1. Pick from segment 130-142 the residues that are in a strand (DSSP E or B) and open to solvent by less than 10 Å² (accessible area, probe 1.4 Å): which of them is nearest to V101 (Cα to Cα)?
2. In segment 257-275, which residue that is open to solvent by 30 Å² or more (accessible area, probe 1.4 Å) and charged (D, E, K, R) is modelled with the lowest pLDDT?
3. Does V402 fit the bill of being modelled with pLDDT of 85 or more, under 26 Å from the mean Cα position of the chain (by Cα), of a type outside the set (D, E) and outside any strand (DSSP E or B)?
4. Under 6 Å between Cβ atoms, which residue pairs at least 6 apart in sequence (or on different chains) link something in segment 200-224 that is over 16 Å from Q237 (Cα atoms) with a partner that is among the hydroxyl-bearing types (S, T, Y)?
5. Considering only residues of segment 195-254 that are among the β-branched types (V, I, T) and farther than 25 Å from W291 by Cα, which is modelled with the highest pLDDT?
6. Where the second residue is open to solvent by less than 30 Å² (accessible area, probe 1.4 Å) and acidic (D, E) and the first is within 24 Å of L294 (Cα to Cα) and modelled with pLDDT of 90 or more and lies in segment 325-344, which pairs have Cβ atoms under 8 Å and are six or more apart or on separate chains?
7. Only residues that are over 20 Å from the mean Cα position of the chain (by Cα) and open to solvent by 20 Å² or more (accessible area, probe 1.4 Å): list them for segment 284-310, please.
8. Does any residue in segment 394-415 that is open to solvent by 10 Å² or more (accessible area, probe 1.4 Å) come within less than 7 Å, Cβ to Cβ, of a residue that is among the small types (G, A, S) six or more places away or on a different chain, and which pairs are these?
Amino acid sequence: MQTEWDILQSYTRRIRCLQAIFNCRLDKESVKILSNPPTTLPLFPNLRALYCHYTQRNMPLLHLPFPSLIILDVTFEDPRLLRNAFNSFSQFSPNIREFVVRTFRREDTFYKIKPNYMCRWQNLSSVDCPDIALDVNTLVHLSRMPALSHLEFALTATSLPAAPDSPLVFSNLHDFALHSESLERISRFLSRIRLPTIVDFSTVLDNCPSRQELSSFSAGVQASNAGHTIERLRLYQLSSFQDTVTHSEHFTLCLEDLQPFMVFNLRHLSVDIEWDVYLTDTRLLALASAWPHLETLFINEECGWNTPCGITPDGLIQLLQTCRSLSMIGLAINTLGYTECRELPASLGLTLPPSSDICVPDPMMEDTPSGSLASVGLLSPPRLNFIDVLDSSINEESVPTVAAFFASIIPRSFTFYYWRVRETTERPGWEMYKRRWEEVNRRVTDAVSRRS
């Protein structure tokens, strides 16, 4: 037995990274032998990175010593296995820098385990545990980590520092993500911490926020000192657990709700909450004027707008003029009465290609007005390559002109989505609108392929 183990160790000591090694269904005898070696020497003495999936059967393997480990990325099939899973890691793997733990499923509450083991790691640079609630003691420890640049965890009442007048300072945190049942709890937490170097901030909610909570959230971001450096902001609501209703009032997202965020110098904005949306050309352009370097803009990509308004094609042109780096959008498009294309303004920077490169009009677009953008073969802005029109309605007579418009403002390589919103089948006319947008997409694809 000892000889066989020595032979095995002669190979395992060379291994620096293990991925999916424990994903296979090991038999009980193999697990027993591996977890009870006939020697005190570690089986993987030089292992630096471990990526694995644990089940009840191979849980004993978690107790193997990995003295050189710096990256630990584990997934648990059964969340109950989390409770005492990492005690051995904190004892036998003292140099962990990147810690990731995921579960296959989460119920209606976050997992409250005792993450004391994390306080033994002194060189953490990245912590990613969206389903685990960290307590105050752990957060105090993490705030003292000079190399910590990424942090993601579940926020519960036990996470809130007691004294707002002595906030926790995460001095080098670059990416920050919070998961919480409510936006109000996130706002309170933000008022008790400081994020002087944050660039990317994401929030994931279980419940739909109220208008007051949204307003308090913006104030919380500013109170945390994140407003000076933040470039990417994401506010995302999960589908409500068990159809939970937290507010009797149904809200509509307007310019006034987003105005507080205009003080930030954003490059990426994504808001997705179970509100209707009322934003027109004028209101969207007012937002865009505050973010001239905007690269991505998504408003209710999954929840949809559930209203007939949206940005018109003419408004989209103005948006591209204002935000010259814009490459990805998820906005409702208002095509009502749009049956004739307008000429693009010269300031957009679109120019006519050489005559030999002018695309041959799609025969299926023969009913497109002769003055359309597609018929003159205008080159498109090089950056706009992803368009999601969400739950936009569209009339049959607007299909050819709308297709010609999009064919003229998107590059050779593009992604075009429509009607992927939640609860699509509950929206009146969704099948008809989806079919018409499919036709728009087909025509755009054909026109762009001819141009290639």
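1. Checking each candidate, the answer is I132.
2. Per the stated criteria, the residue is E274.
3. no
4. Taking only residues 6 or more apart or on different chains, the pairs are S216/S187; G220/S187; G220/S191; A223/S191.
5. Looking at residues that are among the β-branched types (V, I, T) and farther than 25 Å from W291 by Cα, I get T246.
6. Filtered contacts from segment 325-344: I329/D388; G330/D388; L331/D388; A332/D391.
7. Scanning segment 284-310 gives L285, A286, S289, A290, P292, N306, T307, P308.
8. P411/S380; R412/S452
The values are calculated or read from the model by the stated rules, or taken from the named source; none is laboratory data. Values in this document were obtained by computation on a predicted structure and should not be read as measured data. Quick reminder, even Gly has a Cβ in these numbers, built from the backbone with ideal geometry, and neighbours come from all protein chains shown. Accessible surface areas use protein heavy atoms only, side chains included; no ligands, DNA or RNA. Shrake-Rupley method; radii C 1.70, N 1.55, O 1.52, S 1.80 Å.
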